[in-house]
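Here the structure comes first, spelled out in structure tokens, and everything after it is commentary.
The values are calculated or read from the model by the stated rules, or taken from the named source; none is laboratory data. None of the values given here were measured: they were computed from a predicted structure. For neighbour counting, all protein chains shown are included, and Cβ atoms are generated from backbone atoms with ideal geometry for every residue, glycine included.
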Amino acid sequence: MNGDNGSELRYCSPFHGGWDIARMALLIPESRILFICPSSCARIIALNALRSGLCGRLAVYGLSQQEIVMDDYAAATLDSMRRLIAIPGPRPKVMILFVSCIDSMLATDHQAELDTLSAEYPDIHFMLMRMNPICQHPQGQLPLFKLQQDIFGLLDGLGPADPRQVALIGSNLPLSPDSELAGHLADNGLRLTHISRCATYHDFQGLAKARLNLVTTPYGLDAAEMLLQKFATPYVRLSVINSFDAFDHDLAMICQALDIASPDLAAQRQLTVAALHQAAAALAGRPVVVDGSAVWHPLSLAALLADHGFNVQAVYVGTPVDAGPAVTQLAARGIEIIDAGHHVMPARRQTAARDIVAIGQLGGCFAAASHVVDLFCDSGLWGYQGLRRLAALMTASAAVTHTVGDIAREAERCTV
Amino acid sequence: MHGLNMVIPPLAPDYGGICSVLYGGTGMVVIHDASGCTINFTTYDEPRWLDHPSTVLCSGLRELDAVLGDDQRLVDKVLAAAADIHPRFIALVGSSVPMLIGTDLQGIARQIQQLSGIPSFGLDADGVGLCDQGSQAAQQALLERFAPSADGTRLGVGLVGDDALMLSGPASRRMIDQGLAENGMQAVCSLAMGDADADVARFASTQVNLVVTSSGLAPAEWLRQRYGTPYAVGLPWGPRSAAAVADRLRRHDAAIPCGPAGDVLWLGEALIGQALAETLRLDFGITGLTVGDIFSHLCPAACHLRLDGEQDVVMALAGGGYRAVIADPAFKPLVGSAIRFIPFPMVPVSGGIFGRRVLDRQAVCAIAEQLKEE
């Protein structure tokens, strides 16, 4: 989401990779969602679901103004939930009631409805989730942290632990299977699992048996901490920073936690340096911009690319960045950090196409880049292999004209 | 979109219609919300967002401000941004939470105008209403705020109700220009897809106005009362229907061009549906299009079905005996296999995820060909 703590007007862009809070919740296998809110709140949710082929798992009850003002929609909630459960097909294992900002303002309590439904359908787990950006504030738990906690809070931990399983927590996508991390775990007889790879609710429950949890995004931290408390499952937080030393450190920590030998990563590092230099040569000095929708830590990626011969000109970030060493380092290299949400950005956005390679749609759009590498939240890329894949994508992108408009048109090739 | 919808997505909301009308101007539009409403608009409801930046901003409303009724935070944020941007006007647009807590956006706008000297106005929206209501409200607000005194000279056609959201993008304007030009007429200003306050001034001197969609009916009536400017209704979609629209413009005939209903059902905006029916009838000899209005029923004519949400559509399909349905692809799962489905992607329905069907002659030809195949 674009925005900060609400201290200034913000320019919001549409680059969220098609992911929203409900699509993340629908990673729970065999779950269905009822949104009960002013219909507008769920428009983006329903359209993202339609685009992702999830529409049969989501319904929207659009509240009238009277229902909102009178706080009178308990009966509608019950009726809509029953109808959503009755949709032909496999019976859901989890039913999620999603409410929006207005429920936070009304301080509604849906426990009575959930209790009624639980009594009627004892084989289904009912839960409440909130999509309430109005409640985010710097001192509180951010909605996406809470969401991950809610999702993994469903794990019951029944059955014996699986000493061969390592689980990823907090990301929408699994890590690329050819990453050095996945490879090294496989070499040691370990399996890397992720919620998106769970076909059934039973498979999902299997995540509780993991020997170690790897937290791949900051959003997963509270969930991992909860699993540590609940099942004594340790976790390692992976760096989102793009630096060779950070990758080495992360792998060493993981190996230590799993009591396996650390791999020798010197060859990986060498290969990656060569791949980056090769891609930089292919770009031949063409300007590069990086953005915060594409990767978790755009500042470190920009610095790393600049160190390996790329002509990085700017980093577009969705929220204001505080001064710090990373900012100072980029400034010393002449790399501009641009707050894409600042209110002057509509006037600052470029519109005439420029021969620039952009990593991410946000920077691609705002810089009017002719070459866009379409990444969102790292897109499952991590470590040395992730950087080599990125270098290949940049080289490929530079060879053809591929704008954000082209990406949008490709996304519109949705059929029913 | 009141009630349960299991298949069709919520339609574009009122604040989307407001922002669409104001998007072309050099004002500063502020949606008073936490962020979700603004992202709805930028992601799915503004076909121009990628190519044509405009200053539509999010107020970043937070729980504490709402609970305490701290409107001063909004005033301060708007003044700070306005000092950098120097907009020609400022519009504050409501959403669900401001509606719930009774935020007085007009009053806040008056305060902002006093402090900044920039013309400012507030527009209530609640995220419950639909985009055509918002579009109508924004057009009315522009007129009430910026319409000048009557001008002696009378030139050209003014377009009302022609917002880019309902017309699925600015490219549909080319069809209107072409149809008018073929009949010796020219559109000189646009209330819903123009340069907002600047275009409004030109409405003081239009010879006649053309209502393109239902959201333009009330503004056209307002213009008739204010300037005595007559209006007609229609879309010059095909050569013959363009001639018919031109004829109504010359005769100052404000009647809704209702045709006979039949066994083909249109699910969409009422006046676009009536224009399609007229074009199919006059240009292709196809009669019998029943117009189903899935929006806010702003058009008072009794010649179309008023459908509110998914259940109404299901019932209409079950009992209508239709041989074909023309609708956004999002409706397809509701249409049985015995009925021919003719996809017509509409931004206010599916937000562009199935593409954007520009209203042009190619589009109407494609529909006619499919209907003739039956």
Kindly list the number of the only condition in (1) in contact (Cβ under 8 Å) with a residue 12 or more places away in the chain; (2) over 27 Å from B:Arg62 (Cα atoms) that fails for A:Ala75. (1)
Boolean, A:Pro90 is more than 9 Å from chain B (Cβ to nearest Cβ), within 23 Å of A:Ile169 (Cβ to Cβ) and surrounded by fewer than 22 Cβ atoms within 10 Å (Cβ to Cβ): no
Looking only at residues in region B:31-63 that are assigned to a helix (DSSP H, G or I) and more than 7 Å from chain A (Cβ to nearest Cβ), which one is surrounded by the fewest Cβ atoms within 10 Å (Cβ to Cβ)? B:Asp45
What's the number of the condition B:Gly161 fails, among (1) buried (at least 20 other Cβ atoms within 10 Å of the Cβ); (2) on the phi < 0 side of the Ramachandran plot; (3) at pLDDT 95 or above? (2)
Only one of A:Arg23, A:Arg32, A:Arg43 is in contact with a Pro (Cβ under 8 Å, 6 or more places away or on another chain), within 20 Å of A:Lys146 (Cα to Cα) and either buried (at least 20 other Cβ atoms within 10 Å of the Cβ) or within 7 Å of chain B (Cβ to nearest Cβ) (or both); which? A:Arg32
Extreme residue, farthest from B:Cys131 (Cα to Cα), among residues of region B:209-227 that are in contact (Cβ under 8 Å) with a residue 40 or more places away in the chain and over 20 Å from the mean Cα position of the chain (by Cα): B:Tyr227
What are the pairs, 6+ residues apart or on separate chains, where a residue within region A:46-67 that is within 15 Å of A:Met24 (Cβ to Cβ) has its Cβ under 6 Å from a residue that is of a type in the set (A, V, I, L, M, F, W, C) and assigned to a helix (DSSP H, G or I)? A:Ala49/A:Cys55; A:Leu58/A:Ala49
Given (1) under 17 Å from A:Leu393 (Cα atoms); (2) at pLDDT 95 or above, index of the condition A:Ser293 fails: (2)
State all residues of region B:66-75 that are more than 8 Å from chain A (Cβ to nearest Cβ) and surrounded by fewer than 15 Cβ atoms within 10 Å (Cβ to Cβ); if no residue qualifies, say none. B:Leu68, B:Gly69, B:Asp70, B:Gln72
For region A:140-169, name all the residues that are in a loop (DSSP other than H, G, I, E, B) and within 18 Å of A:Lys209 (Cβ to Cβ). A:Gly153, A:Leu154, A:Leu155, A:Asp156, A:Gly157, A:Leu158, A:Gly159, A:Pro160, A:Ala161, A:Asp162, A:Pro163, A:Arg164
Report yes if B:Phe121 is of a type in the set (Phe, Trp, Tyr) and over 29 Å from B:Val78 (Cα atoms), otherwise no. no
Inspect region B:324-337 for any residue being of a type in the set (Gly, Ala, Ser) and at pLDDT below 95 and give the result as yes or no. yes
Suppose we keep only residues that are surrounded by fewer than 18 Cβ atoms within 10 Å (Cβ to Cβ) and part of a loop (DSSP other than H, G, I, E, B) within region A:363-413. Which one would you say is nearest to the other protein chains (Cβ to nearest Cβ)? A:Glu412
Tell me which residues, restricted to region A:281-299, are in contact (Cβ under 8 Å) with a residue 60 or more places away in the chain and touching a helix residue (DSSP H, G or I) at 6+ places or on another chain (Cβ under 8 Å). A:Ala282, A:Leu283, A:Arg286, A:Val288, A:Val289, A:Val290, A:Asp291, A:Gly292, A:Ser293, A:Ala294, A:Val295, A:Trp296
Give region A:134-167 a look and list any residue that's loosely packed, with under 14 Cβ neighbours inside 10 Å and either closer than 28 Å to B:Leu68 by Cβ or in contact with a Ser or Thr (Cβ under 7 Å, 6 or more places away or on another chain) (or both), or say none. A:His137, A:Pro138, A:Gln139, A:Gly140, A:Gln141
Determine which member of the set B:Ile272, B:Ile286 is part of a loop (DSSP other than H, G, I, E, B) and more than 14 Å from chain A (Cβ to nearest Cβ). B:Ile286
Give the residues of region A:154-180 that are of a type in the set (S, T, N, Q) and farther than 22 Å from A:Leu387 by Cβ, sorted by residue number. A:Gln165
Give A:Asp162, A:Asp123, A:Asp115, A:Asp109 a once-over and let me know the one that is in contact (Cβ under 8 Å) with a residue 40 or more places away in the chain and among the charged types (D, E, K, R). A:Asp162
Only residues that are surrounded by fewer than 18 Cβ atoms within 10 Å (Cβ to Cβ), touching a residue at least 40 places away in the same chain (Cβ under 8 Å) and farther than 29 Å from B:Val211 by Cβ: list them for region B:297-343, please. B:Gln311, B:Gly321, B:Arg323, B:Pro333
Positions within region B:121-151 being within 14 Å of another protein chain (Cβ to nearest Cβ) and without any contact (Cβ under 8 Å) to a residue 60 or more places away in the chain, in sequence order: B:Asp124
Within region B:76-96, considering residues that are part of a loop (DSSP other than H, G, I, E, B) and over 20 Å from A:Ile102 (Cα atoms), the one farthest from the other protein chains (Cβ to nearest Cβ): B:Phe89
Only one residue in B:Met28, B:Met99 is within 9 Å of chain A (Cβ to nearest Cβ), more than 25 Å from A:Ser39 (Cα to Cα) and among the hydrophobic types (A, V, I, L, M, F, W, C), so which one is that? B:Met28
Condition set assigned to a strand (DSSP E or B) and within 22 Å of the chain's Cα centre (by Cα), scope region B:301-324, selection farthest from the other protein chains (Cβ to nearest Cβ): answer is B:Leu305
If I filter region A:255-274 for residues that are in a loop (DSSP other than H, G, I, E, B), free of Cβ contacts under 8 Å to residues at least 60 places away in the same chain, away from chain B (no Cβ under 14 Å) and surrounded by 20 or more Cβ atoms within 10 Å (Cβ to Cβ), do I get at least one hit? no
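Table: residues versus (1) of a type in the set (S, T, N, Q); (2) within 23 Å of B:Leu50 (Cβ to Cβ); (3) modelled with pLDDT of 95 or more.
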{"residue": "B:Ser168", "(1), (2), (3)": "yes, yes, no"}
{"residue": "B:Met185", "(1), (2), (3)": "no, no, yes"}
{"residue": "B:Gly194", "(1), (2), (3)": "no, yes, no"}
{"residue": "B:Thr206", "(1), (2), (3)": "yes, no, yes"}
{"residue": "B:Ser214", "(1), (2), (3)": "yes, no, yes"}
{"residue": "B:Ala220", "(1), (2), (3)": "no, no, yes"}
{"residue": "B:Ala232", "(1), (2), (3)": "no, no, yes"}
{"residue": "B:Pro236", "(1), (2), (3)": "no, no, yes"}
Assess whether A:Thr351 counts as being more than 14 Å from chain B (Cβ to nearest Cβ) and hydroxyl-bearing (Ser, Thr, Tyr). no
Within region B:348-364, is there a residue that is outside any helix (DSSP H, G or I), on the phi > 0 side of the Ramachandran plot and touching a Pro at 6+ places or on another chain (Cβ under 6 Å)? yes
Hits in region A:196-249 (condition: under 23 Å from A:Leu381 (Cα atoms), part of a loop (DSSP other than H, G, I, E, B) and either among the polar types (S, T, N, Q) or in contact (Cβ under 8 Å) with a residue 60 or more places away in the chain (or both)): A:Cys198, A:Ala199, A:Thr216, A:Thr217, A:Leu238, A:Ser239, A:Val240, A:Asn242, A:Ser243
